[in-house]
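Only one structure is covered here, and it is reproduced in the block below.
The values are calculated or read from the model by the stated rules, or taken from the named source; none is laboratory data. If you're wondering where the values come from, they're calculated on a predicted model, not measured in any experiment. No Cβ is skipped: glycine too gets one built from the backbone with ideal geometry, and neighbour counts run over all protein chains shown.
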Amino acid sequence: MLQRRDAAWLDERLHRRDTRVIAVWRGLHLIRDVNGVSPSAVMLTGAHARGLLRIADTLALLGVKDDTAYFCVDVSSKEALELTPLMGQARFQELREVGVALDPFEANLLAHGRALMHWHRMQSYCSLCAQRTESIHGGAARRCVNLDCGHEFYPRLDPAVIVLVTRSGPEGGACLLARQSPWPKGMYAVLAGFVEPGETLEDAVRREVAEETSVRVGAVAYHSSQPWPFPGSVMIGFRAEAQSVGITLNDGELEDARWCTRAQIRRFPERGLFLPRPDSLAHLLIDQWMAEG
């Protein structure tokens, strides 16, 4: 957005009555949840928004929709009691816990704000000269305050591949599911890992699967992607065909990995097992494969 570089435009938008401001406090978002039904993101306007802006550590423009500007502020340096007047009946909650129940536009907006505020906190100092940096362009970048340096920094993402590996065979074949020990007890998901420098996405899929399970992968096909602002990743989803079936856990990341038929997955609940949350790309990959047979 060209307006990010227009200080007068930003100032005018910040003072408009229809401007919406969301708050991030130590990675949490302000959510209004009445009796556990239909949670919604709190977007402050008017005097409440101006009160939030006065105490903000960082401010960023998230975008404009239907001529309404949306801003995000980080108030992580404040204690909870200082924020009480702005909270009303709302409270700060973890996006991963409520995101599935939020309006999709609100969920995307909060995800954007969370990731951007995290990046601002992590980029407070220049990695070239160690001087402080300042927010510029409506929060879209940061610049070193050292005039002899002046380097500009822009938000970065950590790309990760996530893949459903399948094989043909009896009962319509099987898919490769695994779990890590820190996960909730009984949860199984697809394999995933970060892309390494100089690596294609397809090579990252093959490497991750081989490193974690020793399964060799042939054809790899792109499926879809999902932002994952925890803290700043994007999940790039794939389907892949296995060329081998033997599983050996190699790198210590996985607690278990197994081939699961559709019939076995349908019986997960009676065995105390379950899949990732419904709004995750991992769940979508598995769910679509289940619907194919």
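Of all the residues that make up the stretch 75-105, how many are loosely packed, with under 15 Cβ neighbours inside 10 Å and in a loop (DSSP other than H, G, I, E, B)?
Of the residues in that region, 6 qualify.
Would you confirm whether any residue within the stretch 224-246 is loosely packed, with under 12 Cβ neighbours inside 10 Å, of a type in the set (Gly, Ala, Ser), outside the structural domain of Gly99 (by TED's automatic domain parsing) and under 25 Å from the mean Cα position of the chain (by Cα)?
To start, the set of residues in the stretch 224-246 that are loosely packed, with under 12 Cβ neighbours inside 10 Å comprises 246.
Now drop any that are not of a type in the set (Gly, Ala, Ser), which leaves 246.
Add one more test, that the residue is outside the structural domain of Gly99 (by TED's automatic domain parsing), and what stays is 246.
With under 25 Å from the mean Cα position of the chain (by Cα) added as a condition, the list becomes none.
Checked the stretch 224-246: no residue is loosely packed, with under 12 Cβ neighbours inside 10 Å, of a type in the set (Gly, Ala, Ser), outside the structural domain of Gly99 (by TED's automatic domain parsing) and under 25 Å from the mean Cα position of the chain (by Cα).
List pairs: first residue in the stretch 267-283 and closer than 15 Å to Cys175 by Cα, second residue among the β-branched types (Val, Ile, Thr) anywhere in the structure, Cβ distance under 7 angstrom, at least six positions apart or on different chains.
Pairs found: Leu275/Ile286; Ala282/Ile162; Ala282/Val190.
Quick one: what pairs do we get from the stretch 241-263, first residue under 13 Å from Arg179 (Cβ atoms), second loosely packed, with under 14 Cβ neighbours inside 10 Å and modelled with pLDDT under 95, C-beta under 7 Å, 6+ apart or different chains?
Glu255/Ser181
Yes or no, residue by residue, for (1) closer than 13 Å to Leu109 by Cα; (2) more than 26 Å from the chain's Cα centre (by Cα):
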position	(1), (2)
Leu14	no, yes
Thr19	no, no
Ala23	yes, no
Met43	yes, no
Ala47	no, yes
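Matching residues to (1) of a type outside the set (Phe, Trp, Tyr); (2) at pLDDT below 95:
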site	(1), (2)
Tyr222	no, no
Pro227	yes, yes
Gln243	yes, no
Asn250	yes, yes
Asp256	yes, no
Arg266	yes, no
Arg271	yes, no
Arg277	yes, yes
Leu281	yes, no
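Just to be sure, is Gly63 in contact with a Lys or Arg (Cβ under 9 Å, 6 or more places away or on another chain), on the phi > 0 side of the Ramachandran plot and not aliphatic (A, V, I, L, M)? Outline the logic, then answer.
Working: in contact with a Lys or Arg (Cβ under 9 Å, 6 or more places away or on another chain): no; on the phi > 0 side of the Ramachandran plot: yes; not aliphatic (A, V, I, L, M): yes.
Taking the combined requirement at face value, the residue does not satisfy it.
Please determine whether any residue of the stretch 93-103 is within 30 Å of Val209 (Cα to Cα), touching a residue at least 60 places away in the same chain (Cβ under 8 Å) and among the basic types (Lys, Arg).
Taking the stretch 93-103 first, the residues within 30 Å of Val209 (Cα to Cα) are 95-97, 99-100.
This time we only want the ones that are touching a residue at least 60 places away in the same chain (Cβ under 8 Å), so: 95-96, 99-100.
After this cut, where a residue has to be among the basic types (Lys, Arg) as well, the list is 96.
Looking through the stretch 93-103, at least one residue is within 30 Å of Val209 (Cα to Cα), touching a residue at least 60 places away in the same chain (Cβ under 8 Å) and among the basic types (Lys, Arg).
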